[in-house]
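The values are calculated or read from the model by the stated rules, or taken from the named source; none is laboratory data. Just so you know, these numbers come straight off a predicted model, no measurement behind them. Quick reminder, even Gly has a Cβ in these numbers, built from the backbone with ideal geometry, and neighbours come from all protein chains shown. Surface areas here come from the heavy atoms of the whole protein model, side chains and all, with no ligands, DNA or RNA. Shrake-Rupley method; radii C 1.70, N 1.55, O 1.52, S 1.80 Å.
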Amino acid sequence: MLERLLADESETARLGEDLAIALRPGDVLALKGDLGAGKSTLARALIRALADDAGLDVPSPTFTLVQGYDTRIPVHHFDLYRLSSAAELDELGFDDALSQGAVLVEWPERAEAYLPGTTILIELDHDGAGRLARLSGSGPAFERIARSLAMRDFLVRAGWGGAQRRHFVGDASARSYEVVSLGDFAPRVLMNSPRLVLGPPVRDGKPYAEIAHTAQSVSAFVAIDRALEAGGVSVPRIYAEDQDQGFLLLDHLGSEGFLGEQGQPVAERYAAAAELLAMMHGKQWPERMTAGQGTFHYVPPFDRAAMMIEADLLVDWYVPAISGSPAGDALRAGYQREWNIVLDRLTGSEYTLMLRDFHSPNIIWRGDRCGHDRLGIVDFQDALIGPSAYDLASLAMDARVTISADIEKGTVDAYVAARHAAGAFEEAGFLEAYAIMAAQRNSKILGIFVRLEKRDGKPYYLKHLPRIRDYLRRALAHPALAGLRDFYSEHGLLEERAL
């Protein structure tokens, strides 16, 4: 049970925003209370927040019984006051509405036991001049709502309790982001980074995330953010933090990315990002970074075990998807043998701070700035100490954008020129490491994008697979990877496939 005292209409609207942030398709919110208790007011605020339209007309469905809205998450608003039988919900299309998105129900007591057991009940009662909201339920939906309310409490402690919250962006992880606005202040970003839930052991008694050195808490972001800022990289300023819960209030660096008006990559921006990498790779970065409050983050190494378990995602997920059956023992053993031969060639390569996902979604373009400050960097909590070539491969073979061979070459050339200008640079060895890391990363991504569809129900990542296969073919064209290329070709891993 959660309780919220709503002193006035504005606080009722804020509760609606908090619920909208937490809402997901399939959720049912039952709004219960006497006439005038604020059910329609709360529903209206929630729907307007989902639509990001404070002036959206949201009439009470007292007479229509149901009203649908095509918002960020489709939502249907039911008023069952005039319902004579719970069976009438079938005629109103309740199940269809729930299959399309989320559902709000006023007067849920008229539905008897028709509502799903996962329904979240919100009871509103008069409390003096205000209202008291009691929220009860269980399961993932209630947990999301509880976390959203905890985020509002975090904003209160940061002096931003009255801020408007709007969904900003999510990613393939459990992290999510919001834009919060308050008065004349510049908008800020509210980061929601729950502690990583480690999965079952997959190798040597360890879960995947531990072997791959995935960040387990927001403390990694805080520590790396501070180190990058001290090193001259433009990263979000942290205004407030709750590392225990995983909440940060950050600078909003902007929303402009690396694509032109037609969705095409802007070559000059990729070149500028490559030059920023060159600057970063000319610095010495500490492996122990201050996370604040007397704690430290130790940047893990991108070691052989991490490289291999990532590359193995191709045989774990991609091979079964294209062949219809799990990878056989012979294929798996041959794959690992060829990869170990290739990774042996990294001995002696330059290692440095490796941000790991240095590509267009995580780089903000700020054209009104100068030099490296034109690039705002976000999403670096999984950084490792690894081959400097990795981040350039991530950038020049952008997983989310089709980068032509010419733009890839221009990006790499910009990096190499900047490294030569800064001093001694062993170009041939770097380019070999670049090809190895590009092959490793794109092999991993083929597996991850299939996993996101098969395991996590996110099919939209499959549209990127043809691009990733093209990148993989480019990387494997390097002479040092001839044996690995032959193995991929022999087993049909480079062929175009329809999944």
*asked:* Counting only pairs 8 or more residues apart or on different chains, how many lysine pairs in the chain have their Cα atoms under 27 Å apart?
replied: 10
*In Å², what does the accessible area per residue of the chain work out to with a 1.4 Å probe?*
43
*Amide H to amide H, which residues 5 or more places from Asp398 or on other chains are under 5 Å from it, using H placed in the peptide plane?*
Ile403
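Can you figure out the FRET efficiency of Glu490 with Ala428, using R₀ = 25 Å and their beta-carbon distance, to the nearest 0.05? Walk me through the intermediate numbers first.
Working: r = 28 Å, r/R0 = 1.12.
Working from the Cβ atoms, E equals 0.35.
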*Reciprocal mean inverse distance between Cα atoms of the chain - Kirkwood radius, Å*: 25.1
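At 1.4 Å probe size, with the rest of the protein present, what percent of the exposed accessible area of the chain is carbon and sulfur atoms? Numbers along the way, then the final one.
Working: 10870 of 21490 Å².
The C+S portion of the solvent-accessible surface of the chain is 51 percent.
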_Stretchable slack from Arg400 to Asp96, in nm (0.36 nm times residue separation minus alpha-carbon distance)_ = 106.1 nm
*Any chance you could tell me what percent of the C-alpha pair distances in the range 231-327 go past 20 Å?*
69
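In the range 134-204, how does Rg compare with the Kirkwood Rh, expressed as the Rg/Rh ratio over alpha carbon atoms?
On the way: Rg = 15.2 Å, Rh = 14.1 Å.
Rounded to two decimals, Rg/Rh equals 1.08.
Would you calculate a helix-derived [θ] at 222 nm for the chain, using -39,500 (n - 2.57) for each DSSP H run of n ≥ 4 and dividing by the full residue count, to the nearest 500? Mind dumping the intermediate values first?
Values: 16 runs with 193 residues, N = 499.
About -12000 deg cm²/dmol.
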*What is the set of long-range amide H partners of Glu106 at a cut-off below 5 Å, with H atoms built 1.01 Å from backbone N?*
Leu31, Phe78, Asp79, Leu80
_Protection proxy ranking, peptides 231-240, 36-45, 200-209, 9-18, average beta carbon neighbours within 10 Å, highest first_ = 36-45, 9-18, 231-240, 200-209
